[in-house]
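Engineer: One structure coming up, written as structure tokens, with questions to follow.
The values are calculated or read from the model by the stated rules, or taken from the named source; none is laboratory data. Given the structure is predicted, the values throughout are model-derived calculations rather than measurements. Neighbour counts are summed over all protein chains in view; Cβ atoms, including those assigned to glycine, are modelled from backbone coordinates with ideal geometry.
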Amino acid sequence: MVYLNRIYTRGGDQGQTSLGDGARVAKTHLRVVAYGAVDELNATVGVARLADGLPKPLAPILRDMQNDLFDVGADLCVPQRQEDEPGSLRVTAAQVTRLEQAIDEFNVRLQPLTSFVLPGGSPAAAALHVCRTVCRRAEVEVVRLMDTESVNPEILKYLNRLSDLLFVMARVANDDGRGDVLWTPGRNR
């Protein structure tokens, strides 16, 4: 259970913050940047949930996604040790599998692609494309962190699948791909 009795602590006024294990690090630390990008992604998913024209089947998936993204942030916030304490919150393979199942379920209803998709179409699809691009950036920040520290490998898998799911969901929001705006190479030369 999380208990927040104060919103401001003044602890970060000198450019440092506390990780989940109590360690103090600079706010520019790769770990903080990584979970900050995941937090930003979560906020964009919240905006997408409110987008005009969002197909009803996508709303509960986005809600669950937001909860999972807090799990990802919590996992990133606590450095991985050789042996985690019992009850440590870590992203699991089951969470990745759930994303793969959703991708497979929605992908069967989509029109086949003949070109790359430009972000847009409907307001809901555009919002989901923003989520997808923020997810890719969060994934890059996690890879940067993994270059220097041990990180639960399921986090990277989760973010990679999540960006794929967000792409598929954007196509669903574009009338199952019929409303996709396709790239025309060299169109404006």
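Engineer: List every residue pair whose Cβ atoms sit under 8 Å apart, with the two residues 6 or more apart in sequence or on different chains, where the first one lies in the stretch 104-118 and is exposed (fewer than 13 other Cβ atoms within 10 Å of the Cβ) and the second, anywhere, is assigned to a helix (DSSP H, G or I).
Structural biologist: R109/V172
Engineer: Check the stretch 42-55 and report whether any residue there is assigned to a helix (DSSP H, G or I) and farther than 15 Å from V134 by Cα. Give the steps one after another, and end with the answer.
Structural biologist: Taking the stretch 42-55 first, the residues assigned to a helix (DSSP H, G or I) are 42-49.
In the following step, the residues that additionally are farther than 15 Å from V134 by Cα were identified as 49.
Within the stretch 42-55, one or more residues are assigned to a helix (DSSP H, G or I) and farther than 15 Å from V134 by Cα.
Engineer: Listed residues A34, A48, A93; which is closer than 18 Å to P153 by Cα, of a type outside the set (D, E, K, R) and within 14 Å of the chain's Cα centre (by Cα)? First the steps, then the outcome.
Structural biologist: Numbers: A48 fails: closer than 18 Å to P153 by Cα; A93 fails: within 14 Å of the chain's Cα centre (by Cα).
Result of the check over A34, A48, A93: A34.
Engineer: Has the stretch 152-170 got at least one residue that is among the acidic types (D, E) and buried (at least 19 other Cβ atoms within 10 Å of the Cβ)? Don't jump to the end; show me each part of the working.
Structural biologist: From the stretch 152-170, those among the acidic types (D, E) are 154, 164; that's our starting set.
Pick out the ones that are also buried (at least 19 other Cβ atoms within 10 Å of the Cβ) and you get none.
Among the residues of the stretch 152-170, not one is among the acidic types (D, E) and buried (at least 19 other Cβ atoms within 10 Å of the Cβ), which makes the answer no.
Engineer: Within the stretch 111-169, track down each residue that is polar (S, T, N, Q) and either within 15 Å of M65 (Cα to Cα) or assigned to a helix (DSSP H, G or I) (or both). Give the derivation first.
Structural biologist: Just the residues of the stretch 111-169 that are polar (S, T, N, Q), to begin with: 111, 114-115, 122, 133, 148, 150, 152, 160, 163.
T133, N160, S163, listed by residue number.
Engineer: Look at the stretch 1-43 and say how many of its residues are of a type in the set (A, V, I, L, M, F, W, C) and touching a Ser or Thr at 6+ places or on another chain (Cβ under 7 Å).
Structural biologist: Here the count works out to 3.
Engineer: Now for a different question. So which residues in the stretch 51-60 are surrounded by 18 or more Cβ atoms within 10 Å (Cβ to Cβ) and either within 25 Å of L156 (Cβ to Cβ) or among the charged types (D, E, K, R) (or both)?
Structural biologist: To start, the set of residues in the stretch 51-60 that are surrounded by 18 or more Cβ atoms within 10 Å (Cβ to Cβ) comprises 51, 54, 58.
L58, the sole residue that qualifies.
Engineer: Same structure, new question: Which one is modelled with the lowest pLDDT, of the residues in the stretch 145-155 that are of a type in the set (A, V, I, L, M, F, W, C) and under 14 Å from A74 (Cα atoms)? Lay out the reasoning, then the answer.
Structural biologist: Let us first name the residues in the stretch 145-155 that are of a type in the set (A, V, I, L, M, F, W, C), namely 145-146, 151, 155.
Keeping just the survivors that are under 14 Å from A74 (Cα atoms) gives 151, 155.
On the way: V151: 94, I155: 97.
Residue satisfying both the conditions and the ranking: V151.
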